[in-house]
Structures are given as C-alpha cells and as structure tokens.
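Notes to accompany the following structure.
The values are calculated or read from the model by the stated rules, or taken from the named source; none is laboratory data. Since the model is a prediction, treat every value here as computed from it, not as a measurement. Neighbour counts run over all protein chains shown; Cβ positions are idealised from the backbone, glycine included. When the accessible area is computed, the model is the full protein with side chains, heavy atoms only, and any ligands, DNA or RNA have been set aside. Shrake-Rupley method; radii C 1.70, N 1.55, O 1.52, S 1.80 Å.
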Amino acid sequence: MNRFLFGVTGFTLLLLVPMVAGQKRKVHAPASVGVARGKYLVEQAELCGDCHSPRDDKGEFVKEQWLKGATLDFKPIAPAPVWVDKAPAIAGLPGWEKDAAIRFLMTGVGANGLPSRPPMPQYRFSVQDAQAIVAYLKSLAPAK
C-alpha cells in the first residue's frame, strides 16, 4: 500500500510541479509550416508573382525567373509621380534584413522611412503572416 501511495504521489507531483511553477509547455511549429504559410500568402493570396515575375510571349510566368523582378506591363491611367515601372526581385529578399522586411510587411514603410511606391500596396500583415512571408521569400534562391 505504501509503495502504491508513494507512486501515485510521485506521479501527481510530476504533473503538478510544472503547473505550480508557472511553466507552460510551449509548442513550436516547425519552420516548414511558416514557409508553407508564406508560400500560400505570396502565391495564392497576394499574388506577388503578378508584378515580381516576368512572363513569356504567351503570358505565362517564366518559372526560372519566379519572383526575380519584372518590368510592369501596366501603367496608371492618370499620372502618378512615384509610380514604379519595374518590380524588384523579392526571391531571397536581396538587400533586406529579416526584421526590416517583417516591419515593411506590417507597416508598409521601408527601412528608409518611406512608404512603398505604387503599385505596391502598403500591406498591414500580422506579425505571424509577415514572418511567414519573409521565411518563404528568404528560402528562395535570389536572382543572379
């Protein structure tokens, strides 16, 4: 009986001590989950490739140049003084530090303190989505 009581008490203490000590079990999603979420946001939700990837004569994306920058094939109908004609390469996020890229995706303001230039939207992603997008883009090979 004493061994049984000792065993039950020990087992109970093993379960209760972490809770009493205020420790919580942290569950971390693997990095691949973040990259997959980022890929979904970039390719399906936000359609970044529409501006940041070149197309061939048939209008199909040039797969080897996916997200490696492209000349825009549309212009505003009214003059826009800060309009850009070329979307930069975002595969690998060349020239971007991770934290600055996350901040940009959360605020729409670049490291230079200026907002994104049209036609780039000033996104307001959550921190989790911004981190996922950056993880996915950093996982891609940059343009050569």
Original post:
Given (1) of a type in the set (Val, Ile, Thr); (2) at pLDDT below 95; (3) within 26 Å of Ser139 (Cα to Cα), where does Val17 come up short, assuming only one miss?
Top reply: (3)
Subject >> Selected residue (only one of Gly49, Gly59, Gly113, Gly95 is free of Cβ contacts under 8 Å to residues at least 60 places away in the same chain, closer than 27 Å to Val33 by Cα, small (Gly, Ala, Ser) and surrounded by fewer than 16 Cβ atoms within 10 Å (Cβ to Cβ)) >> reply: Gly95
Original post:
Assuming Thr12 fulfils every condition listed in (1) outside any loop (DSSP other than H, G, I, E, B); (2) under 29 Å from Tyr136 (Cβ atoms); (3) at pLDDT below 50 apart from one, which condition is it?
Top reply: (2)
Subject >> Count - residues of the stretch 76-91 that are among the charged types (D, E, K, R) and either open to solvent by less than 100 Å² (accessible area, probe 1.4 Å) or at pLDDT below 95 (or both) >> reply: 1
Original post:
Which residues, counting only those in the stretch 41-79, are part of a loop (DSSP other than H, G, I, E, B) and under 28 Å from Gln128 (Cα atoms)?
Top reply: Glu46, Leu47, Cys48, Ser53, Trp66, Leu67
